[in-house]
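Following: one structure in structure tokens, then a few remarks.
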Amino acid sequence: MAMGGVAFDALACGPDALAGNPAALARPCESPRRLILLPTVGIEALDNGAGGEVWRHRRQLRDALDEESFIDAFGSDEFERILGAIPGEGWVHRVRTHLPVVQTAVGQRSALSLSVSLESRGSIARDLAELALRGHEEGRTSYRLEGTSQETTGYWTLAFGRGGRLMGTDVGVTARLIGGGAFSRWHAVDPVVDEAEELVTGLMVGASPGERFVGLSPSDGWGWGMDVGLMRDLGPARLGLALQNVVGTMSWPEETLLRIMTLEGTVDGLEFSSEDEMYDPATMLPPDPRAQVAEALRESPQFPRRLRASATMAPLPMLVLAAGADVVMGDGNLDRGWDRRFSLGSELRPLRFLRFHGGLSSDLDGASEVAGGLELDLLRFRLGVAGARVAEAGREAGWKSMEGWRLVAGISRF
């Protein structure tokens, strides 16, 4: 649990192996009949600085919606301080949630899990934030919304894994069925300022596969995938190698629904109105922003192939050291994460019922993670909690550096 990224794949036990190397299912597990009561729930939230101010003033911001203006609600000095917390490149954020609904061992060498994954990431240009909070400023002739975007993903995954031994090597396979796939993208268009009418008009164009704009609601995206893994002991070390999504695909409806949201900024604030229409590639051509968003949506809503390698060694009975690498090997932006991750970790077990975990991860290009946690066996229950401090550099065009936290917790019975 948050022990240094991929480094501890070789120590995974029972249903935990489904997320990493399924070959670990072939190994004896100290709790083979373990049933997860509250599975390892993971929540990750990152942003580039403005999120803290939004969270600290969430009640005032909510109450301000009933006031004549945000300035009236906060006072001029406090309002300017909050607005000043938004970086020049705008507010960049990402939130991920992974919730296993069912996760259990099936016999000695098999495991089953059902989980739900949600992710939302986006950026809000500073000018849009000013327009929303301050309203249209008299005399201002331009607002730039470039970089304002939003991408949301949601799906459930049913996974079944099986491990065994072949010629002295542990092998494993995990098959996954993905359903309820929902995927959407948004893109902002720079607004037009009508100074005579004191009006700022812009567009936010969203696209989603299917005949309705689903956001994170259940939709018609379906797919499947398969992972394979190997594991072997070489002297005091245990080595593991896994290829995730070695085969598989996601299927989406051919139709693409567009949601065109009109932004109208006046001296009193910002108002929204929206309408839906089906994407017609014959009539909607670039540089029409509707066509740009629709084509971007259809580029690669797939899961990428990943190669994971791990090694562990126990120099002392109570101490385990681990190292690992996780590299993306293809296109696809669903659950992509870092394109490469190199991890180091350790597990200390001073008492039979107590474990401490720690780890470091980096992509060697500005992104890093420092993690720590513990597991406690109490009667027939195992309680675990862990946290990680995550920092990411802006490696993608339009994305800036972000920092935040990832928290996981779980309770199991065996």
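A short reminder: the numbers here are calculations on the coordinates, not readings from a lab. Fair warning: this is a prediction, and the values are worked out from it, not measured in the lab. Glycine gets a Cβ as well: all are built from the backbone with ideal geometry, and neighbour counts include every protein chain shown.
Label sites at Ile43 and Leu112, each approximated as a point 7 angstrom past Cα along Cα to Cβ, lie 2.9 nm apart. Each residue, Thr266 and Glu211, gets one label point 7 Å from its Cα in the Cβ direction; the gap between the two is 3.8 nm. Give me the dipole magnitude in Debye, nearest 20, for the stretch 324-371 about the Cα centre, with unit charges on the beta carbon: positive for Lys and Arg, negative for Asp and Glu. Its charge dipole is roughly 440 debye. Stretched out straight at 0.36 nm per residue, the stretch from Leu354 to Glu137 would grow longer than its current Cα-Cα span by 72.1 nm.
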